[in-house]
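Readers should treat all values here as calculations from the given coordinates under stated rules, not as data from a laboratory. Because the structure is predicted, anything quoted here is derived from the model rather than measured. We place every Cβ from the backbone using ideal geometry, glycine too, and count neighbours over all the protein chains shown.
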Amino acid sequence: MTGCPPQLLLAGHSSATLDALERTKASVFGRLRQLSGDNHDCSTGRTAFRRRRTRPADVSRRGARAMQEEPVFDVAQLDRRTMGDEALRVEILALFVAEAERLLAQVESAPDPLVRASRLHAMQGLARNVGARRLAAVCRNLEHGAASGPAGDGDLASLRAAVREAIDHIHAGAV
């Protein structure tokens with residue numbers, strides 16, 4: 001019996017039962033690995049996910065169209081988050097502006113594609129939390145392509161424009 005915890009043996013389980021459980025566990029996790037495409041080591045509990053590098057050619061076209069259809073801000077979502085409290089709304093939007101600028105600088109200076117993808121994911125979450133839907137859409141599209149290599153100037157320009165647009169909406173009082 002290779003991986004049976006001693007407490008199970010002490011609890012009165014037979015070694016044959018525990019061996020059968022271990023084999024079942026190994027086969028279930030093996031099948032899950034095949035289906036999900038990840039590399040999970042059951043003995044250590046660690047998972048190393050492989051990034052999928054395949055990306056449909058029309059993602060950027062669909063993404064650009066979807067981004068233009070998205071509103072800059074979903075004010076209803078921001079109202080739900082702040083529960084109608086104007087002081088909280090002002091504070092959250094001020095934090096959003098500072099954090100968006102900080103994350104943009106980190107994306108622009110990211111030393112490798114994985115760091116860039118991580119910072120884009122963080123910016124996407126930030127945008128979704130305050131209802132900056134167009135910025136979230138831009139981040140989502142760039143994050144999908146971030147693992148494939150260095151970002152082009154056009155990609156960063158679209159991100160800069162989306163961040164600037166969201167901040168301008170806040171400063172104009174449109175949110």
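Using the number of other C-beta atoms within 10 angstrom as an exposure proxy, rank R116, R102, R23, R140 with the fewest first.
R23, R102, R140, R116
Shape verdict for region 90-150, please, from the Cα gyration tensor: rounded (a/c under 1.5), prolate (a/b greater than b/c) or oblate.
Judged from the Cα gyration tensor, region 90-150 comes out oblate (a/c at least 1.5, b/c at or above a/b).
May I ask you to compute the full-extension gain from Q77 to L95, defined as 0.36 nm times their residue separation minus their alpha-carbon distance, rounded to one decimal in nm?
4.8 nm
Determine, for V115, V130, the number of other Cβ atoms within 10 Å of each Cβ, and report the residues in order from fewest to most.
In increasing order of surrounding Cβ atoms, one gets V115, V130.
Provide the net charge surrounding D79, with neighbours chosen by a C-beta distance below 12 Å and charges set as Lys +1, Arg +1, Asp -1, Glu -1.
0
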